[in-house]
1. Would you pick out the residues in region 34-53 that are touching a Ser or Thr at 6+ places or on another chain (Cβ under 7 Å) and open to solvent by 60 Å² or more (accessible area, probe 1.4 Å)?
2. Yes or no: residue 10 modelled with pLDDT under 85, open to solvent by 50 Å² or more (accessible area, probe 1.4 Å) and part of a loop (DSSP other than H, G, I, E, B)?
3. If we scan region 29-46, do we find a residue that is out of contact with any Phe, Trp or Tyr (no Cβ under 8 Å at 6 or more places or on another chain), part of a strand (DSSP E or B) and small (Gly, Ala, Ser)?
4. Mind counting the residues in region 54-80 that are part of a strand (DSSP E or B), over 15 Å from residue 27 (Cβ atoms), touching a residue at least 12 places away in the same chain (Cβ under 8 Å) and open to solvent by 30 Å² or more (accessible area, probe 1.4 Å)?
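The values are calculated or read from the model by the stated rules, or taken from the named source; none is laboratory data. As the structure is a prediction and not an experimental result, all values here were calculated from the model. We place every Cβ from the backbone using ideal geometry, glycine too, and count neighbours over all the protein chains shown. We work out accessible area using only protein heavy atoms, side chains counted, and drop any ligands, DNA or RNA first. Shrake-Rupley method; radii C 1.70, N 1.55, O 1.52, S 1.80 Å.
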Amino acid sequence: ALSSIGLAAFLVSPAMADPGAFFGITYNFGGSVGLSLKILSSNKEDRGVVGAGVSYFPITNKFGLDASAGYLFRNGAVTAGWD
């Protein structure tokens, strides 16, 4: 079983891109606006990404941890996730 895990990691690693970072504005369905800092699965433009991060909502003084998926454009990103 250990060798199959190593083989799977070897086969997947050449396709992996360098991670990227995302700082932006967050809007939740409760109407709060906040700031987010995320780590994205890729820093390559024009492709789908997954991410994880932290958000701060200053009006309610609350923090959140989230997982998200989205698309990375040339000069920005759009993600949707669950906090």
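1. Those that are touching a Ser or Thr at 6+ places or on another chain (Cβ under 7 Å) and open to solvent by 60 Å² or more (accessible area, probe 1.4 Å): 35, 50.
2. Working: modelled with pLDDT under 85: yes; open to solvent by 50 Å² or more (accessible area, probe 1.4 Å): yes; part of a loop (DSSP other than H, G, I, E, B): no.
Here the answer is no, as residue 10 does not meet what is asked.
3. Initial filter on region 29-46 (out of contact with any Phe, Trp or Tyr (no Cβ under 8 Å at 6 or more places or on another chain)): 29-31, 41-44.
Imposing the further condition that a residue be part of a strand (DSSP E or B) reduces the set to none.
The answer is no; no qualifying residue exists.
4. First pass over region 54-80, keeping only residues part of a strand (DSSP E or B): 54-57, 62-72, 77-80.
Right, trim to over 15 Å from residue 27 (Cβ atoms) and you get 54, 63, 65, 67, 69, 71-72.
From what is left, the residues that are touching a residue at least 12 places away in the same chain (Cβ under 8 Å) are 54, 65, 67, 69, 71-72.
Filter again for open to solvent by 30 Å² or more (accessible area, probe 1.4 Å), leaving 54, 65, 67, 69, 71.
Adding up the residues that qualify gives 5.
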